[in-house]
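Student: What follows is a structure written as structure tokens; I'll ask about it next.
The values are calculated or read from the model by the stated rules, or taken from the named source; none is laboratory data. Just so you know, these numbers come straight off a predicted model, no measurement behind them. Cβ placement follows ideal geometry from the backbone for every residue including glycine, while neighbour counts extend to all protein chains displayed.
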Amino acid sequence: MVDAKAIRDFEHAGWERAAGSYEASFATATRQFLPALLDAAAIGPGQSVLDVACGPGFAAAAAAARGATVRGLDFSASMLGVARGRHPGIAFDQGDAEALPYPDGSFDAVVSNFGIHHVPHPIVALRQARRVLRSGGMLAFTIWAAPDENIAWKLVFEAIRRCGDPAASKAPAPGGGFATRADCYAALEKAGFAGIGSSKLHGVWHQANGHALLGALRSGTARMAALIEAQAEDALPAISAEIGRLATAYRTADGLTIPIAAIVAHGRSP
């Protein structure tokens, strides 16, 4: 049974805390996938676009740069404060992805960059996105690929397994365990979308060393941060060193060049 309040409270606290450091930490990974996200939603001039779980507004700003009229929505007041300060020409609303405060058929496209899987009931959020889309409107969202295909995550999980405690985090289980293209297809189908498709995306995340990678995840995320924070403080140097050792194959003259992988999925409102 999903404990929606526990998930929402946990995620809200995590993103409120991460808002001030997100741009310099985790956004260096997530922003890489914005062009593919906007392409999947066919974002172009003159469209009305909603960015759900907008955070600091990077996807909203990228859509606006393509000539779209954009609104962003997030439940974190701190994230919205950053978004409004960075993008004063875009409207940002505080609200719930599972209960969007907009009339039916309000938008030509809805996008969410690594946001949908953080809500307690992703299918509800996807149905809400379909509700506010006009007939024929497009939804696109990104998720992280499974750790076995996503080296940055794999390195951290393996280092914690060897040098820390993988079960230390008291974070509630996520509401939606999206990790594969099949997961995305099933969710979009349940939410009533047509024309469903997805693709796997690849990038690299540059970090100076294992300590820097751990720090970026600790300061710029919610769920990964909870796992790292739950480790004994005297175990963190060993975890950082183990990440560096495991990442030998990804070391360059400038530090670590770590492969990361995501999935972008899309569907059309009937």
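Student: Restricting to the stretch 15-48, name every residue that is in contact with a Phe, Trp or Tyr (Cβ under 6 Å, 6 or more places away or on another chain) and farther than 23 Å from Ala212 by Cβ.
Tutor: Ser48
Student: When you go through Glu11, Glu16 one by one, which is the residue that is in a helix (DSSP H, G or I), over 13 Å from the mean Cα position of the chain (by Cα), at negative phi and at pLDDT 95 or above?
Tutor: Sole residue among the options that is in a helix (DSSP H, G or I), over 13 Å from the mean Cα position of the chain (by Cα), at negative phi and at pLDDT 95 or above: Glu16.
Student: For the stretch 192-235, name all the residues that are charged (D, E, K, R) and touching a Cys at 6+ places or on another chain (Cβ under 9 Å).
Tutor: Of everything in the stretch 192-235, nothing turns out to be charged (D, E, K, R) and touching a Cys at 6+ places or on another chain (Cβ under 9 Å).
Student: Next question. Which of the residues belonging to the stretch 159-202 are surrounded by fewer than 20 Cβ atoms within 10 Å (Cβ to Cβ), within 18 Å of Ala226 (Cβ to Cβ) and at pLDDT 95 or above?
Tutor: Within the stretch 159-202, Arg161, Cys163, Asp165, Pro166, Ala167, Ala168, Ser169 meet the criteria.
Student: How many residues are in contact with a Ser or Thr (Cβ under 8 Å, 6 or more places away or on another chain) and either under 30 Å from Ala241 (Cβ atoms) or free of Cβ contacts under 8 Å to residues at least 60 places away in the same chain (or both) when one looks only at the stretch 120-158?
Tutor: The total comes to 2.
Student: Shifting gears a bit: Being surrounded by fewer than 16 Cβ atoms within 10 Å (Cβ to Cβ), assigned to a loop (DSSP other than H, G, I, E, B) and in contact (Cβ under 8 Å) with a residue 40 or more places away in the chain is the filter here, so list the residues in the stretch 25-53 that pass it.
Tutor: Answer for the stretch 25-53, where residues must be surrounded by fewer than 16 Cβ atoms within 10 Å (Cβ to Cβ), assigned to a loop (DSSP other than H, G, I, E, B) and in contact (Cβ under 8 Å) with a residue 40 or more places away in the chain: just Ala42.
Student: Which residues, counting only those in the stretch 104-137, are surrounded by fewer than 24 Cβ atoms within 10 Å (Cβ to Cβ) and either hydrophobic (A, V, I, L, M, F, W, C) or within 30 Å of His211 (Cβ to Cβ) (or both)?
Tutor: Phe114, His117, Ile123, Val124, Val132
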